[in-house]
Amino acid sequence: AMTAMLLCTLFLLNAIADPKDMHVDLSYFKTTSASASSSELVRGMDTDTRALLFFAQPNEVLAEVRPYFDSLAEESSHFEVELVDRDLEPELAKEHRVSRGGTVVLARGESRQKIYLGDELDKAKRKLRTLDKEFQTAVLKLTLERQTVYMITGHGERGASRVEGDIRPRLSLLKRFLTSNNLTVKNLGPVEGLSQEVPDDAALVVWTDPAAPLFPGEAEALQRYLEDGGRMLITLDPDSKPELDDFLAGLGLRFVGETLAHGKAYVPLGKSRTPADQYNLVTNSFSSHPAVTTVSRYRQHMPVLFPRAGYLEKLPTEGRKSTFIVRSLPKTWADTDGDAQRDDDERLRTYQLAAAVSARAKPPGNAGDEQKAKRPDEAEEMRVVVVADTDAFSDDYIGFRLARGGHPGNFQLLADFLHWLIGEGKVGGVPESEEDLKIASTRDEDVIWFYGTVFAIPLIILGIGVGTRWGRGRRRRAG
């Protein structure tokens, strides 16, 4: 039946198009517009910066690029846009080492960053789709010294590369996001001397899904780092059952490794529907804390996905300010027996999915003064974000969008965390891009799309075809 319907549809389309000699280009292309994070980078500029667009006129690529940079120039008096014809101004092209048309140069003082797009539209389309991302990367390289992020290894952590026997989703996109924001990523573990100290140049320490306890001396080294104003991002997972109770207690938190579920606020991610889909929680419940500024402001458009999450609880502690910043939606339950079904003793309520912890750095002593002076950013307080789900930032789920054409909320959540941990203006945000991202849809949305594609669209086409044939028959009889 489906084959017959498909053939009928094709015949009807051919019948409609043939007498009209119709040709429709169904390809999609739209130049990326400036994202809110790019505009924020420009507004934060305190040094004059020029964008030199090396294009001959007229040019189709220039017509796509110019509005993007003009919109950014409106954000700050420190950002100017200048159009340059390389053939008419060869000395300026030589000064900026531009040998090809279709090049954008960002210039600040003696520093230069180039973005090559090309001057033929057909060849430049792919690069234009990622223009916003390239712009952010170039501005960060132009503005900042490269900082170092250390990822803890050696305790069964999840990383960017696949390890034999480890079936957990990888974190290569998380690492790529860090490096694209002008951050150098290095490993830090027993081999690199974690039991002695955290390196002085650490702008951030990332600890993702540990499955084994720390070695002697390592917890103390991390505590000293935090007391001196260090920054950490910690992501946990209920399946790994990390032994971090003492370390987290020092932050005023406890991690409960019971998988959360919800009867309605979830997305089915597999090809077949199972009760375990209820573990794929969707939420747009955020606090007003600065670690979730953007996702909180645009909560209706940026829901986030937490697949197979545990939850956090607050413990009494002195000198630590802990705030829960991401919550599950109401009527969530902790599936204590793992049967993907809610039992009477599994209470419906709201659970805490992420927390931000801060504290004033300890008063500097001699050693503290020396160590803080070596760090690129003298922090006034320690800052830690703890997340009760590592999968939220894994390759399989970080690009999650609840609706087609929507914004990737998990990416933006990560960007918000980094802004608070490392500093505004030192890390870019999520760029506008026409590149495809993995899309997950809700159960109701899947039903709409299924019936729409199977029944509604063929019926519409059938109606058009019948109407066209009927109209042509009437005209023939009238003739």
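The values are calculated or read from the model by the stated rules, or taken from the named source; none is laboratory data. Here the structure is a predicted model, which means the values were calculated and not measured. Note: accessible area is taken over every heavy atom of the protein model, side chains too, but ligands, DNA and RNA are not part of it. Shrake-Rupley method; radii C 1.70, N 1.55, O 1.52, S 1.80 Å.
As a size descriptor, the averaged projected area of the C-alpha convex hull of segment 160-222 was calculated at 5.0 nm². Evaluated at q = 0.14, 0.21, 0.26, 0.27 Å⁻¹, the base-10 log of the normalised Debye intensity for segment 66-146, with identical point scatterers placed on the Cα atoms, takes the values -0.50, -1.17, -1.52, -1.53.
Amide H contacts of R112: none lie under 5 Å away among residues 5 or more positions distant or on a separate chain (H built 1.01 Å from N in the peptide plane; Pro and chain starts excluded). Less than 5 angstrom separates the built amide H of V84 from those of L53, F54, F55, all sequence-distant by 5 or more or on a different chain. Amide H to amide H, with H built 1.01 Å from N, V206 comes under 5 Å of Y150, M151, I152, L233, counting only residues 5 or more places away or on other chains. Taking θ as phi - 60° and the Karplus parameters 6.51, -1.76 and 1.60, the scalar couplings of segment 351-359 work out to 10, 8, 9, 8, 9, 10, 10, 9, 6 Hz in sequence order, x denoting glycine and proline.
Computed over protein heavy atoms with a 1.4 Å probe, the accessible surface of segment 62-158 works out to 52 Å² per residue.
Each residue of segment 198-207 is assigned a 3J(HN,Hα), and the resulting list reads 7, x, 5, 8, 6, 7, 7, 10, 10, 10 Hz, derived from the Karplus form 6.51 cos²θ - 1.76 cosθ + 1.60 (θ = phi - 60°), x at Gly and Pro. Phi angles of segment 245-258 translate, via the Karplus equation with coefficients 6.51, -1.76, 1.60 and θ = phi - 60°, into HN-Hα couplings of 4, 5, 5, 5, 4, x, 9, x, 9, 9, 9, 10, x, 9 Hz per residue; Gly and Pro are given as x.
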